[in-house]
Structure formats: C-alpha cells, structure tokens
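First the structure, in the form of structure tokens, and then the observations on it.
The values are calculated or read from the model by the stated rules, or taken from the named source; none is laboratory data. This one's a predicted model, so the numbers in the text were calculated from it and none came from an experiment. Positions of Cβ are backbone-derived with ideal geometry, glycine not excepted, and every protein chain shown enters the neighbour counts. To get the accessible areas, we keep the full protein, side chains included, count just its heavy atoms, and leave off ligands, DNA and RNA. Shrake-Rupley method; radii C 1.70, N 1.55, O 1.52, S 1.80 Å.
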Amino acid sequence: MMKRLVVIGAGMASGRMLEHLLGQDPDWQVTLFNAEPRGNYNRIMLSPVLSGEKTHAEIVTHDEDWYADRGIDCRFGEPVVKIDRAARMVLTNKGFAPYDKLVIATGSAPFIIPVPGKDLPGVVSYRDLDDTNAMIAAAQPGAKAVVIGGGLLGLEAAAGLALRGMEVTVIHLMGHLMERQLDPSAGYLLQKALEARGIRIHCKGATKAILGNGRVEAVLLEDGTTYGADLVVMAVGIRPETRLAQDAGLEMGRGIAVDDRMVTSDPDILAVGECVEHDGQLFGLVAPLYDQAKVVAATLAGREAAFRPVQTATKLKVTGCDLFSAGDFAEGPGREDIVFRDPGRGVYKRLVIEADQLVGAVMYGDTADGAWFFGLIKDATDISEMRETLIFGPAFQGGAPADPMAAVAALPPEAEICGCNGVCKGRIVEAVTGGAHTLDAVRARTKASGSCGTCTGLVEQVMALTLGDSFVKPAAQPMCRCTDLTHEDVRRLIRADGLKSIPAVMQELGWTSAGGCASCRPALNYYLLADWPLEYQDDRQSRFVNERNHANIQKDGTYSVVPRMWGGVTTPAELRAIADAADRYNVPMVKVTGGQRIDLLGVRKEDLPAMWADLNAAGMVSGHAYSKGLRTVKTCVGSEFCRFGTQDSTGLGIRLEKLLWGSWTPAKVKLGVSGCPRNCAEATCKDIGVVCVDSGYEISVAGAAGMEVKQTELLCKVATEEEAMEVIAAFTQLYRENARYLHRIYKWVAKVGLDWCREQIADPQTRAALCERFAISQSVYQKDPWAEHAAPDERGKWHPLADLTLEAAE
C-alpha cells in the first residue's frame with residue numbers, strides 16, 4: 001500500500017528531499033502544498049532575475065512534467081492553515097489532506113523593522129519571485145530605490161535595481177557592509193566598488209521612519225538624513241517561519257526543533273530548511289539545507305542517517321564584485337593574521353590562523369583560491385609547513401610552483417565540490433567513470449556547477465584527474481587579441497554593466513588595444529545594437545566592407561547588387577527596372593541565385609547610389625545579400641497553384657520576409673517555406689524552415705547547406721499562420737540575443753541545445769517577450785539602406801578620392 005506523504009512548502013530544500021526520496025523509495029503518494037502559485041525554483045538565482053540576466057523560466061528546477069512523472073499532487077497557491085496532529089491531516093481554506101508522514105518546509109519570513117510607514121505601498125521585502133517581480137515592476141529608469149540592509153541579499157537587490165536604471169541608496173546599520181562575512185578592509189573595497197557603479201552607501205544609518213502620503217516617498221534616518229524613495233526594499237534579515245508548527249504544539253526554539261534525523265517532537269512529522277533549529281543553530285545557506293534534505297529522505301525511507309552541520313562559505317552574486325568569505329575571522333587571543341594587499345588591482349586577502357590551523361579567510365578582488373582555503377578550514381589541516389607561502393595559494397607551496405592539480409587530488413571522496421547542490425568529489429568521480437565525459441554530462445547527472453557556476457573550475461579538475469590524458473577541457477577562446485574575455489563574457493557584461501558604446505566596453509572591460517581590431521569591433525557593434533536598440537547607434541566603421549557599402553565586393557573591386565524579391569516573387573515592372581539598370585550601368589552579368597533572387601554582378605562602386613535610386617523608384621529595396629541578417633525566404637507556389645499544396649506557402653513566405661527583413665543577426669539567416677512535404681523550397685536545410693501540412697505548419701531549425709550540410713530539426717508544430725510567424729520572430733530574437741557573432745543558427749543550437757530553445761519558445765510569456773523585443777529592434781533597424789545612401793548629398797561618399805587613370809602624354 002502506498003504511504004501518504006504531505007509536504008508543506010515547495011522550496012529548494014523540499015525539492016531536493018523529494019528527489020532523494022523518490023529516487024530511493026518511489027512507494028509514496030505525495031501531496032505538495034505551496035503558498036506561492038508555483039513549484040520549486042532556484043532562489044539563489046533571484047538576483048540575476050532581478051538584474052535582467054535571467055528569467056523565471058531559466059531558474060525553474062522542477063517543472064510541471066517533473067511533478068507529473070512522479071505522480072505528485074501539486075496544490076500550489078493553496079497555503080496550509082492548520083496541522084491536525086490527532087487526525088493526522090493538514091487543513092487549507094480549500095480542503096484537507098491526510099498523511100502518514102508530514103514534512104514541514106515552510107522556510108523563513110523576512111524581518112520587517114517596526115518603524116512608522118513600514119506598511120506603505122512601495123515597501124517590499126526580498127525573499128521570493130513575487131517580491132522580485134514587484135521590484136522589477138517598480139524599477140523605472142531614473143526612479144529612486146532605498147535598500148535597507150547592507151548584507152548579502154540587500155546588496156544583490158541594490159545591484160539588480162541599479163542595473164535596471166534606478167538611483168539606489170543602501171542604508172546599513174553597521175560600520176561596514178556584510179559585517180557578518182567581511183572584515184572592515186574587505187567591506188571598504190566592496191563599498192568602493194559599489195559606489196563606482198553609482199550606488200550610494202550609507203553605513204551606521206538607523207532607519208527612523210518611512211515617509212509617504214498614500215505611498216512611499218522617502219526614508220528618514222535617526223540622524224535626520226532623508227533619502228527620496230519610489231521603492232523601499234527591506235533586506236535586514238530573516239527568521240524561521242514556524243507559525244504552523246507552533247500552533248500544532250511542536251517543540252520550538254528559535255525554529256522548529258529537530259533531532260539528528262530531522263524528526264520533530266512528533267515522530268510522524270519531520271522538518272527541513274530554514275524553518276528548523278538543530279542543536280541551537282539556524283541555517284540560511286543552501287548547502288546545509290541540501291544536507292538536511294538527504295537526511296530527511298533517508299529517514300523517510302527507513303535508513304539510518306544523521307545531520308551534521310558543516311562549514312559554509314559566502315560569495316556575492318554581483319557581477320564584477322569578487323569576494324569570498326569562510327570561517328571565523330574575528331580577532332582573538334592566540335590568533336594571527338596574514339594579509340596581502342594590492343591597491344592597484346583592488347585585491348585584499350586575509351587569513352586567520354590559530355594553533356597552526358586556518359580558521360578564517362576573507363578575500364576580495366581575487367578569489368580563485370577560495371575553494372582551496374575553504375578546504376583547509378573544513379579539514380582543520382595543519383598549515384605549519386606552508387605557513388610562509390600560504391597566502392599565495394596552492395600553486396606556490398614550499399617555495400616553488402607546485403602541481404595545480406595536487407590540492408584537488410588530495411581531497412577525499414567526501415570533500416564537497418559544489419556547495420550549492422551538495423555534490424562531493426566522489427559523486428563526480430562516479431559520474432565520470434560511468435560515462436559522463438563532458439562538463440554538461442556531469443552537470444546533468446550530479447547537478448555539480450549547475451547553480452551559481454563558481455565551482456566549475458573545481459569540477460573540471462576532478463574530471464581531469466579521473467580521465468587523465470583523455471580529458472579535453474572546453475577551450476574558452478578569448479574574443480580576440482585585445483582581451484582575455486570570451487564572446488559570452490563580453491555579451492553578459494555588456495548587459496550586466498549597462499555598457500552602451502564601444503569605448504565604454506573597451507574601457508570598462510580592460511581592452512589592451514586603444515581602439516580594438518577587425519575581429520572585435522564588428523562583434524561589439526552587433527552585441528550593442530542587439531542589446532540596446534533604442535540607445536545605441538550603429539557604428540558603420542565597425543562593419544565589414546560589404547555591410548559598409550551595402551553590396552558584396554567582388555575580386556576585381558566591383559560590387560554585386562541584389563534587390564529584394566519578397567518570397568521569391570517578382571513582377572514584370574520589377575524585371576524591366578532590373579533590366580534597365582543592367583543596361584544603364586553596363587552590368588556584365590545578370591544571374592539568378594539559388595535563393596530565388598536576381599544578382600547584378602560587376603557594378604562599379606561609384607554607380608551604386610544611382611542604381612539603388614533607380615531600383616527604389618521601381619518599388620524595390622535592398623536584398624541585404626551582403627549582411628549578417630535575413631537574406632532570403634525561399635518559397636514554392638503552394639496551394640495557390642500546386643495541386644499538392646496544403647497551405648499558402650508563398651503568402652506565408654512573403655509575410656515572413658516582410659516581418660524579418662532589416663534585422664541584424666549574428667550571422668546570415670535564410671528561410672524556406674514549402675507548401676507540402678515534397679519540400680520543393682528545400683526548407684529542411686535552411687536556418688529556419690517551414691513545411692506546410694494539412695494540420696498546419698511544421699517549423700524546424702538549424703539546417704545548413706554550405707560548407708557543412710545538415711538537416712533541420714523540428715522546433716514545434718503550429719496550427720495557424722499567425723502562430724508560425726510569432727514562433728519564428730521569437731526564435732529569431734532568441735538567436736539574436738544569445739548567439740556568438742558569426743555563429744550560424746546550427747552552430748548556436750548545437751551549443752545551447754534544441755531542448756532549451758524549445759522550452760523558451762513553448763512558454764507563452766517568454767515567447768511574447770521575445771516578440772516584443774524583436775519588434776522594438778525592428779522599429780529602429782527595419783529601414784532600407786539603399787534609400788538612405790541614394791540621397792544626393794550621400795552619393796559623394798561612393799566616389800573615388802582621385803582619378804588615377806593613366807593617360808597618354810601629348
């Protein structure tokens with residue numbers, strides 16, 4: 001008979017507990033309640049959601065399919081109001097659920113300082129997705145935000161709001177930021193870095209009142225200072241959410257009291273997460289919560305297990321602020337410090353030693369060795385032999401460079417590698433020996449490096465030790481010789497740091513050259529116009545010659561001109577205009593292309609503007625045959641003429657081309673629309689292809705028919721033309737926002753995975769947001785460059801600087 005398990009709270013701790021439990025003992029009928037109207041998501045990543053670097057969909061850890069596959073009855077948005085221990089059931093406003101075992105995972109509640117005005121509209125806490133969405137809704141550029149609390153969460157909130165354009169002030173009661181994790185020196189460097197981002201910091205500030213008439217307007221401090229505020233974020237701490245347990249008569253401390261097996265004073269009720277108290281200790285970081293989850297699962301499955309708290313380390317998830325803190329760094333008798341400072345680089349390191357053991361570490365600016373120092377603290381390693389060189393990390397011990405892999409090799413199997421997900425070295429080794437030979441495969445099997453990503457280097461070192469010479473580390477090639485950053489790094493930092501010009505990128509990201517090079521400038525120009533279409537102005541000189549001159553240069557210095565023919569359809573008038581232009585400008589070759597276009601080859605540069613003007617007069621615009629953008633939409637005649645056609649493929653192709661033309665993309669994009677599965681438009685080898693069928697439209701992507709030949713893969717099936725156009729616009733924008741410059745769609749999809757693309761497009765909100773951003777970009781860039789440059793005052797730019805033709809002397 002199935003055992004009945006009720007879980008109150010669908011957070012990270014309970015989610016991990018269910019993973020372990022149902023993996024070991026699937027004979028449970030699980031009912032999962034959550035006050036939020038959604039399932040489990042990675043709360044660690046709320047800060048990137050606030051800053052705009054991620055979406056809610058990207059941080060979901062357990063989706064509807066996951067719960068459905070395990071038969072879990074999800075009652076989201078239905079808070080439990082009472083636990084009836086005598087009847088062994090939980091009650092809600094909508095009903096009840098009986099249990100054989102109950103797990104309380106109610107988490108924590110934000111602490112709201114009891115000052116006048118705390119209940120005004122515009123005052124929010126920062127604990128869940130609803131709080132995050134409320135901040136995003138209020139984050140209008142130029143509006144003012146006050147964050148009360150300069151701890152880890154408060155600073156992440158401040159950084160996210162600043163990235164959204166708000167004027168942010170942080171008010172902190174203590175003398176320096178993050179005083180529980182940092183000493184004053186590191187706190188000073190952190191404050192300096194945040195102030196350089198435009199965030200005002202006010203330490204030793206006590207809030208007296210929140211002011212406003214019907215809505216928050218300002219924050220008043222005890223010293224009389226007043227800060228204007230359209231939004232106030234309370235981030236002053238948390239306390240365990242214990243009201244249900246307390247009302248049920250369970251034994252309490254500051255949290256729900258549990259024993260080593262995570263069992264409460266009622267043997268049929270267990271508790272896990274931030275709501276519990278174990279041996280007088282509360283827990284707020286994810287690593288010990290995941291350890292608790294393992295113990296709860298083992299206890300429910302009838303196996304022996306005991307929770308033992310371990311040391312934890314702290315990192316700040318604010319791009320550009322690298323800090324690490326672990327252990328106890330308070331001053332005391334018998335303790336000594338080793339301090340390293342590099343003011344020029346903004347680097348500070350402090351190690352606290354007691355009885356030949358490292359007991360605390362604080363680092364700012366250079367945290368690469370944090371995991372190694374953390375291991376020394378956790379293992380209580382005797383550091384007397386390396387005392388003189390300890391501050392320089394594992395690569396320099398004993399006065400000479402050491403094997404950088406030695407520290408990882410010496411770690412025991414139970415050593416924790418991924419703190420976010422509680423993954424030890426032994427699990428990674430098991431996964432690798434079991435066939436997971438890539439980082440993605442290891443992530444899929446163990447979740448190691450799958451949350452914040454800071455342990456990726458350690459995971460790769462464990463893989464290298466296990467695989468030996470067969471390990472191939474993913475090569476992170478820098479963007480060019482001007483920087484050590486990869487394309488992905490640069491794209492992320494452009495968004496995170498709000499960089500909106502090429503000089504800003506080069507200055508803030510430390511370019512080693514004065515003005516960049518032919519490799520990086522075109523890429524930077526594309527990334528900036530794709531990310532900031534309304535703010536950034538296209539830099540013509542950062543484009544390749546074909547895009548600068550809006551025509552393809554040939555080997556003899558002449559150009560080819562390709563007018564756009566929507567969906568490959570033309571008219572007698574357009575053909576006459578093309579023929580007249582070929583005659584008028586002595587075009588040596590007129591050629592039909594494979595993309596259903598006509599190419600005029602051998603046009604002199606100085607004739608380009610006049611030819612464009614003539615073609616414009618006939619109603620034709622640039623075919624962008626030279627661009628990193630939409631080239632062509634190839635069609636067959638479809639149902640209008642073909643007896644096999646199932647849909648109007650020509651009409652859809654024309655509408656798609658009129659929707660997409662003018663958009664800049666990382667590389668060229670070609671589409672095909674075939675009216676039936678006979679596929680006369682060759683849609684299944686295009687970047688994006690549509691095959692019409694009786695029931696609608698099959699949309700596939702990531703084909704290739706050049707130096708590499710590849711068939712497309714199915715993205716989705718839709719019933720209507722409107723859906724097809726929406727999906728293709730959203731997918732194009734997804735590609736524009738995420739791909740590397742010069743990577744065709746098939747290369748990008750191979751990198752990110754087609755499943756990820758499908759997930760983004762399948763979500764209605766994500767798809768609508770992508771379409772909206774695409775429309776904004778098109779409002780700027782869907783214009784005919786021929787018309788612009790064919791103007792009389794522009795034509796001189798295409799003339800040669802001087803006539804150097806040789807002539808005979810008299």
Work out from phi, with θ = phi - 60° and the Karplus expression 6.51 cos²θ - 1.76 cosθ + 1.60, the ³J(HN,Hα) of each residue of the range 577-594, listed in order in whole Hz, and give x for Gly and Pro. 5, 5, 5, 4, 5, 5, 5, 4, 10, 6, 6, x, 8, 10, 10, 7, 8, x
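Nearest 20 debye, what's the magnitude of the dipole of the chain about its Cα centre given +1 on Lys and Arg Cβ and -1 on Asp and Glu Cβ?
On the way: 86 positive and 103 negative charges, 242 e Å.
Taking the Cα centre of the chain as origin, the dipole is about 1160 debye.
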What FRET efficiency do you get for residue 756 and residue 507 if R0 is 30 Å and r is their Cβ-Cβ distance, rounded to the nearest 0.05? 0.35
Along the dipole axis of the range 704-810 (charges at Cβ: +1 for Lys and Arg, -1 for Asp and Glu; origin at the Cα centre), the most positive-end residue among 757, 719, 796 is 757
Rolling a 1.4 angstrom probe over the protein heavy atoms, how many square angstrom per residue are accessible across the range 222-381? 43
Most packed first (mean Cβ within 10 Å per residue), the peptides 157-167, 767-777 order as 157-167, 767-777
Report the accessible area of residue 742, computed with a 1.4 Å probe over the heavy atoms of all protein chains in place, in Å² rounded to the nearest 10. 90
For the range 691-810, report the accessible area per residue in Å² (1.4 Å probe, heavy atoms, rounded to an integer). 56
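Counting each DSSP H run of 4 or more residues in the chain as -39500 (n - 2.57), what helix-only mean residue ellipticity at 222 nm follows after dividing by all residues, to the nearest 500 deg cm²/dmol?
-9000 deg cm²/dmol
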Give me the accessible area of residue 644, 1.4 Å probe, in Å² rounded to the nearest 10. 80
Subtracting the Cα-Cα distance of residue 433 and residue 179 from 0.36 nm times their residue separation yields 87.1 nm
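Using a 1.4 angstrom probe with every protein chain in place, what is the largest-first accessible-area order of 455, 642?
Sorted descending by solvent-accessible area, the residues read 642, 455.
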When only the heavy atoms of the protein chains count and the probe is 1.4 Å, how do 38, 16 rank by accessible area, highest first? 38, 16
Report, to the nearest 10°, how far helix 608-617 tilts away from the longest principal axis of the Cα atoms in the chain, using its own Cα long axis and a range of 0 to 90°. 90
May I ask you to give the percent of accessible area on the chain that is carbon plus sulfur, with a probe radius of 1.4 Å? 51
Count of lysine pairs in the range 710-789 with Cα atoms under 27 Å apart, counting only pairs 8 or more residues apart in sequence or on different chains? 4
Taking mean projected area of the Cα convex hull in nm² straight from the coordinates, which label in (i) 42.9; (ii) 37.4; (iii) 45.5 is the correct one? (iii)
Just to be sure I understand the model, the point goes 7 Å from the Cα along the line to the Cβ. What's the resulting residue 538 to residue 569 distance in nm? 2.7
Relative to the chain, whose Cα atoms define the longest principal axis, helix 456-467 and its Cα axis are tilted in degrees, nearest 10, by 90
Kindly report, to the nearest 10 Å², the accessible surface of residue 726 as traced by a 1.4 Å probe over protein heavy atoms only. 70
The chain: relative contact order from alpha carbon pairs under 8 Å, six or more residues apart, as a whole percent, is 7
Could you give the alpha-carbon Rg of the range 10-141 over 2.2 N^0.38 Å, rounded to two decimals? 1.21
Proximal lysines to residue 208, defined as alpha-carbon separation beneath 29 angstrom and excluding residues fewer than eight positions away on the same chain: 118, 144, 192
Note the angle between two axes, namely the Cα long axis of helix 184-196 and the longest principal axis of the Cα atoms of the chain, as a number of degrees from 0 to 90, rounded to the nearest 10. 30
Amide H of residue 271 versus every other amide H placed in the peptide plane: which residues, excluding those fewer than 5 positions away on the same chain, fall under 5 Å? 104, 264
According to a simple spin-label model (label point 7 Å from Cα along Cα-to-Cβ), what is the distance in nm between residue 617 and residue 115? 7.2
Expected vector for the range 774-779, Karplus 3J(HN,Hα) from phi with 6.51, -1.76, 1.60 and θ = phi - 60°, integer Hz, x for Gly and Pro, equals 5, 5, 4, 5, 5, 4
Where 356, 342 fall by accessible area, highest first, once all protein chains stay in place (1.4 Å): 356, 342
Per-residue HN-Hα couplings for the range 285-296 [Karplus 6.51, -1.76, 1.60; θ = phi - 60°; Hz; x = Gly/Pro]: 9, 6, 4, x, 5, 5, 5, 4, 4, 4, 5, 4
R0 of 25 Å, Cβ-Cβ distance residue 70-residue 310: FRET efficiency to nearest 0.05: 0.30
Nonlocal amide H pairs with residue 38, under 5 Å, H built at 1.01 Å: 77
Work out, step by step, the length gained on full extension between residue 517 and residue 584: first 0.36 nm times the residue separation, then minus their alpha carbon distance; give nm to one decimal. 20.2 nm
Skipping prolines and chain starts, which residues have an amide H placed within reach, meaning under 5 Å, of the one on residue 632, given they are 5 or more residues away or on another chain? 671
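For the range 1-135, what is the charge dipole size about the Cα centre, in debye to the nearest 20, if Lys and Arg each add +1 at the Cβ and Asp and Glu each add -1 at the Cβ?
With only Lys, Arg, Asp and Glu charged at Cβ, the dipole is about 560 debye.
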With every protein chain kept in place and ligands, DNA and RNA left out, what is the accessible area per residue of the range 453-535? Probe 1.4 Å, answer in Å². 47
Charge dipole (the chain, unit charges on Cβ, about Cα centre) - positive-most of 413, 89, 389: 89
